[in-house]
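Chemist: My structure is below; once you've seen it, I'll send some questions.
Every number in this text was worked out from the coordinates using simple rules, so none of it is lab data. On a predicted model such as this, the values are computed, not experimentally measured, just so you know. Cβ placement follows ideal geometry from the backbone for every residue including glycine, while neighbour counts extend to all protein chains displayed.
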Amino acid sequence: MSHPLYEVVTDEGLMRPCFKTRTGGLYSGGSAQMVENSLNIHGDVILYVGDHIYTDVSQSKVHLRWRMALICRELEEETLAATNMDDRELIESMQKLLIIMQRLQYNLLLAQLFAQLERSSWQGF
């Protein structure tokens, strides 16, 4: 499947098809392989920042070996809400947040295990 690359050419966001990147350019689309090739860096040298746990974070870590950072918009909401809570409400909220973080870590571990299984099954061929 092809992932076309577009260069953003105006402040309003007008884009045109692009086949080669240049330093300082602003681009939309493309693929992870295009990013690695245009920057001439690969793997854990790249830090990918995303806000979707499966497609952004786990896939970039498992398949590309990129380092990752997850944007958690919910944390901002929790922080703002915490300023208006009493101690009991704050403790309950923090416990819920801890459960969410544990589930996130568990899902990432599962994704990594499945990727290892997938790689090992291909080695048998």
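Chemist: Testing the spin-label approximation: label points 7 Å from Cα along Cα→Cβ at I91 and L14. State their distance in nm.
Modeler: Once both label points are built, they end up 6.1 nm from each other.
Chemist: Mean-square fluctuation check for the chain, GNM, Cα pairs under 10 Å: which of A82, A115, A32 is largest?
Modeler: Looking only at A82, A115, A32, the biggest GNM fluctuation is shown by A82.
Chemist: Per DSSP H run of n ≥ 4, the term is -39500 (n - 2.57); total these for the chain, divide by its residue number, and report the mean residue ellipticity at 222 nm rounded to 500 deg cm²/dmol.
Modeler: -16000 deg cm²/dmol
Chemist: Relative contact order of segment 1-40, please, whole-number percent, based on alpha carbon pairs below 8 angstrom and at least 6 residues apart.
Modeler: Relative CO of segment 1-40 lands at 42 percent.
Chemist: Using Cα pairs under 8 angstrom and six or more residues apart, how large is the relative contact order of segment 27-125, in percent?
Modeler: Numbers: 60 pairs, mean separation 20.9, N = 99.
Relative contact order of segment 27-125: 21 percent.
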